[in-house]
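Below is one structure; the comments refer to it alone.
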Amino acid sequence: MSEEAKKPAANTMWGGRFSSSPSALMEAINASIGFDKRLASQDIQGSIAHSAMLAKQGIIAESDRDAIHAGLQRVLGEIEGGGFTFSTTLEDIHMNVESRLREITGDPAARLHTARSRNDQVAVDVRLWVRDAHDRTDEQLTSLLKALLDKAEPHAATVMPGFTHLQSAQPVTFGHHLMAYVEMFARDRSRIRDSRKRLNESPLGAGALAGTSFPIDRHMTAKALGFDGPTRNSLDSVSDRDSILEFLSAASICAMHLSRLAEEIIIWMSAPFGFVRLPDRWTTGSSMMPQKRNPDAAELVRGKTGRIVGSLVAVLTMMKGLPLTYSKDMQEDKEQLFDAADTIEIVLAAMTGMIQDLEPVPDRMAAVAGAGFSTATDLADWLVRSLNIPFRDAHHVTGRIVSEAEKRGTTLEDLPLEVMQAVEPRIHQGIYEVLGVENSVRSRMSFGGTSPVRVAEQIAWWRERV
């Protein structure tokens, strides 16, 4: 065999310039089909819209368009049915689809890439995929918000301790506490919706970087793909990955909120607290200690936050040094996007399920709410309101009364009146109206406060919007 005959066959998808296939190492580092095959549906959507536009503009024949569409639908069916063979030698989803299309339709397939580059092709595929990810996250956040509202409503007046520094501070209600997370996750949903609006422009038709000399109609393809319109700068169109970064950013903030709620569930389930119970489907036992009920689902929600934040940092780092326009580095965005989207989906589903199944233990919450002199601020406020004592002086008086209660090993509401009068003679029997935890939470009537009346108003307001 001659030396020429021993050379590997040229990769025809690259074109005639390359006389041999890439080395095995280059093939391994260059191929993305192992992960970007998830873009198959979006890639075929974009190709159908592109070929329809080419035919309308007279750039390809209608018969070619029809053959392309029929072939693409067949390719999609093969992929969805599991009968498609992906090839790493064809690098990516775009080349895999186009190669199979040519096997099916012949010459018409070779016309599909007219007035298009893989640069604008992948840009539109990714936007379509990440737009769907936004919609899934929006739907899941709505489900979580509903679960929180459903759990908060019957517990608008259920007293629990409020904490600062994880130290007992003032009594609040369990409903009020859950409504704090409604605020957080509603902001997350708002960020997702805002990001979706901003990404909804089509980069298809930007070409490799400078547009095309063919008389294409970018508005037509944008409309066909559900975009508000085409992007306005071809250079930015193929180099922009803000849609991914914004999704990862919003997902990271949401994951942080989920992690905080997961941490509270973990704390609430621990023996020193005992505020809530979770059924067996969200917990596991210990291989050694039969009494254990470990909040593994909540711990995994907390732990998986790092994956999502890590994906954001990875893509930011990958993008930070890239000049315009496209660089192969940008191939690294997809694995991070896919992993983060999968992760936020599973942790949102898990948290929604845990909230639905969460069982508060009101007696235990109330007992702890009354400990640690949590109504001391109510005492100070009463001194200001009833005796016209300046707050700083009232704060000092309250501190002395708390000290007396500590010495006697009693709560403020059980402290004898004469003991308090020994500190401030003007204190009278009316002080006991504010010292119980139930009285304390009822008194917090300021807008957004923990009074059951205000909590009920919060719940009703959010139900209209969720």
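How do the helices (runs of 4 or more DSSP H) wholly within region 192-311 filter down when requiring 1 or more residues that are closer than 30 Å to ALA371 by Cβ and free of Cβ contacts under 8 Å to residues at least 40 places away in the same chain: which remain?
242-269
Listed here are the residues, each with its yes/no results for (1) outside any loop (DSSP other than H, G, I, E, B); (2) over 47 Å from the mean Cα position of the chain (by Cα); (3) closer than 16 Å to LEU435 by Cα.
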{"position": "ARG400", "(1), (2), (3)": "yes, yes, yes"}
{"position": "SER403", "(1), (2), (3)": "yes, no, yes"}
{"position": "LEU415", "(1), (2), (3)": "no, yes, yes"}
{"position": "MET420", "(1), (2), (3)": "yes, yes, yes"}
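Taking the condition of a type outside the set (Val, Ile, Thr), surrounded by 12 or more Cβ atoms within 10 Å (Cβ to Cβ), modelled with pLDDT of 90 or more and outside the structural domain of LEU178 (by the TED database), does LEU412 pass?
Criteria not met by LEU412.
Could you check how many residues of region 167-192 are open to solvent by 10 Å² or more (accessible area, probe 1.4 Å) and within 16 Å of GLY449 (Cβ to Cβ)?
7
Name the single residue, out of those in region 353-395 being outside the structural domain of THR142 (by the TED database) and of a type in the set (S, T, N, Q), that is most open to solvent (accessible area, probe 1.4 Å).
Ranking the qualifying residues of region 353-395, first place goes to ASN388.
Residues are listed down the side, and each one gets a yes or a no for (1) open to solvent by 60 Å² or more (accessible area, probe 1.4 Å); (2) at pLDDT 95 or above; (3) within 19 Å of the chain's Cα centre (by Cα):
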position: HIS165; (1), (2), (3): yes, no, no
position: LEU209; (1), (2), (3): yes, yes, no
position: ASP217; (1), (2), (3): no, yes, no
position: MET220; (1), (2), (3): no, yes, no
position: LEU225; (1), (2), (3): no, yes, no
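The rows are residues; the columns are (1) closer than 28 Å to ALA367 by Cβ; (2) in contact (Cβ under 8 Å) with a residue 40 or more places away in the chain.
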position	(1), (2)
ILE389	no, no
GLU404	yes, no
PRO416	yes, no
GLY430	yes, yes
GLU438	yes, yes
THR450	yes, yes
ALA460	no, no
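Of everything in region 68-85, what is open to solvent by less than 70 Å² (accessible area, probe 1.4 Å) and either within 26 Å of ASP333 (Cα to Cα) or touching a residue at least 24 places away in the same chain (Cβ under 8 Å) (or both)? Give them in sequence order.
Once the filter is applied, which keeps residues that are open to solvent by less than 70 Å² (accessible area, probe 1.4 Å) and either within 26 Å of ASP333 (Cα to Cα) or touching a residue at least 24 places away in the same chain (Cβ under 8 Å) (or both), region 68-85 yields ILE68, ALA70, GLY71, LEU72, VAL75, LEU76, ILE79, GLY82, PHE84.
So how many residues does region 373-398 have that are out of contact with any Leu (no Cβ under 7 Å at 6 or more places or on another chain) and more than 16 Å from TYR432 (Cα to Cα)?
Summing the residues that are out of contact with any Leu (no Cβ under 7 Å at 6 or more places or on another chain) and more than 16 Å from TYR432 (Cα to Cα) in region 373-398 gives 7.
Go through region 105-139 and count every residue that is surrounded by fewer than 18 Cβ atoms within 10 Å (Cβ to Cβ), part of a helix (DSSP H, G or I) and out of contact with any His (no Cβ under 8 Å at 6 or more places or on another chain).
Qualifying residue count, region 105-139: 7.
Can you report the number of residues in region 250-269 which are of a type in the set (S, T, N, Q) and surrounded by fewer than 18 Cβ atoms within 10 Å (Cβ to Cβ)?
0
On the basis of being among the acidic types (Asp, Glu) and within 30 Å of LEU324 (Cβ to Cβ), does GLU201 make the cut?
yes
Output the residues belonging to region 329-344 that are free of Cβ contacts under 8 Å to residues at least 60 places away in the same chain and open to solvent by 60 Å² or more (accessible area, probe 1.4 Å).
Across region 329-344, the qualifying residues are ASP329, GLU332, ASP342.
Can you say whether ARG307 is basic (Lys, Arg), out of contact with any strand residue (DSSP E or B) (no Cβ under 9 Å at 6 or more places or on another chain) and surrounded by fewer than 20 Cβ atoms within 10 Å (Cβ to Cβ), as far as the supplied structure shows?
Here the answer is yes, as ARG307 does meet what is asked.
If I filter region 291-298 for residues that are farther than 30 Å from SER270 by Cα and of a type in the set (Asp, Glu), do I get at least one hit?
no
The values are calculated or read from the model by the stated rules, or taken from the named source; none is laboratory data. Source: prediction; values computed, not measured. Virtual Cβ from ideal backbone geometry, glycine too; neighbours counted across all protein chains shown. Accessible surface is based on the protein model in full, side chains and every heavy atom, while ligands, DNA and RNA are left aside. Shrake-Rupley method; radii C 1.70, N 1.55, O 1.52, S 1.80 Å.
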